[in-house]
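Enquirer: Pasting a structure here, questions to come.
Derivation of every value follows stated rules applied to the coordinates shown; laboratory data play no part. Bear in mind that the values here come from a model prediction, so they are computed numbers and not experimental data. Positions of Cβ are backbone-derived with ideal geometry, glycine not excepted, and every protein chain shown enters the neighbour counts.
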Amino acid sequence: MTEHRNVLALLIDKHLQRLTAEWVAGQKREGGTSEPRREAETRELARRFLEELRRGAQSSQLDNSEAPEWQPMRDLLEDLSRDRVLQGFSPSETAMFVFSVKEPLFALLREEVRDDADTLATETWRMSRLIDRLGLFTIEAYTKTREQVIARQQQELLELSTPVVELWDGILTLPLIGTLDSSRTQIVMESLLERIVTSGAEIAIIDITGVPTVDTLVAQHLIKTISAARLMGADCILSGIRPQIAQTIVHLGLELNVVSKATMADALALALRRTGKVITERKSPALPAE
Amino acid sequence: MAEIPILKIGDCLLVSIQVDMHDRLAMALQDDLTERIVADRARGVMIDISALEIVDSFIGRMLNNIAAMSRVLDAVTVVVGMRPAVAITLVELGLGLTGVRTALNVDKGLALIRRIIDNPESDDAHRNG
């Protein structure tokens, strides 16, 4: 059993240089990069991978890649996946790094134990299984990193895109940016209603300049927000409707049942009029501050 | 059975609902209210629901009914003090209470009624911009 276990470790010990060179060359052939900087990076990674593989193989845990002996290897693969996600590698490119070690490794193995078909078969199977597991682990790490990136972006998007601004005493404005889906509508609605309560505003201007398209679903969400605000005693004015969107609304036969203005300026003027305020021109405009 | 008090403020009536509504209570309230509108010659009715944490379709319909009845008697109805969570629930249920005017609190409700009574023609114009 002992000799079986250490065939891999011995092999790497004996042929580290050759293995690395062949592996890197193989990766280059498989469509890897020919940039010198990348190549040096790959070589360094390959060297570290083989070292960890040897250390892992020297322990008695060849069949169990979950064992603590493999922890450094797992860390290495996690780092690798993270880097490759950030550099925009595809999952198969990332996994290919690990899987491509098989070719030079098995070639060496065949040379070493040429006369012993039994050992050759057993060792090939064990190594193949080990490398497969490591490869799968790499893909998992890759996916996990990707998911983290996506989750973080989603969160940032939610936080970014729902400010409620007090434009004037008693006038709130809600500049919507991006498409309205149900979860965003919920957040937008809640923050708007909370602000209506705290500020006692009677008019809310919903500006949809930043909403790329208005389809029936988005309109539905807008209507919900507007009716909820109305139930709280605040009237809504819709502003920032682009010509294209006006056409879409009519073509889709949407009935928004709300006062709408083309620009935020018009909406503000109307809101001020409704709250009984007027804007007048000064006879001599004030000088800008130095 | 608990009775919902109806308070008179000038020519407005204030109803504050603070207990769970059920059929009999709603009927009694509609009876009392219509009678008081006629007796006091009230021009406005304010219904305060700030104490309600749950407003279901039953209460929604009752509010609509009261508004319609008041309108027939030439009084304007304003629902005041709805909580944000209640507003969201009602909208999700598809109950926009379109027949009812709303205001944030009693203060603003009173001002709204004043405004509507003072210039009845501009009311619709105001809503439609």
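Enquirer: Under the definition of Cα pairs under 8 Å and six or more residues apart, what whole-number percent is the relative contact order of chain A?
Expert: The value is 12 percent.
Enquirer: Can I ask one more? Round to the nearest 10 and give me the degree value, 0 to 90, for the angle of helix A:216-231's Cα axis relative to the longest principal axis of chain A.
Expert: Relative to chain A, helix A:216-231 is tipped by roughly 50 degrees.
Enquirer: Looking at chain A, what % of its DSSP beta bridges pair antiparallel, to the nearest 5?
Expert: 20
Enquirer: HN-Hα J couplings of the stretch A:169-177 from phi, Karplus 6.51/-1.76/1.60, θ = phi - 60°, integer Hz, Gly and Pro as x?
Expert: For the stretch A:169-177, the Karplus curve yields 4, x, 10, 9, 10, 10, x, 8, 10 Hz.
Enquirer: Can you give the percent of C-alpha pairs in chain A whose distance is more than 35 Å?
Expert: Within chain A, distances greater than 35 Å cover 50 percent of Cα pairs.
Enquirer: If I build a Gaussian network model for chain B, linking alpha-carbon pairs within less than 10 angstrom, which residue out of B:105, B:119, B:65 has the largest mean-square fluctuation?
Expert: B:119
Enquirer: With n ≥ 4 as the cut-off for DSSP H runs, can you work out [θ] at 222 nm for chain A, using -39500 (n - 2.57) per run divided by the number of residues, rounded to the nearest 500?
Expert: That comes out to -22000 deg cm²/dmol.
Enquirer: Could you list which residues have their amide H under 5 Å from that of residue B:13, counting only those 5 or more apart in sequence or on another chain, with H placed in the peptide plane?
Expert: Here the answer is B:44, B:45, B:46, since their amide H atoms fall under 5 Å of that of residue B:13.
Enquirer: Less than 13 Å Cβ to Cβ from residue B:88, Lys/Arg counted +1 and Asp/Glu -1: what total charge do the surrounding residues give?
Expert: -1
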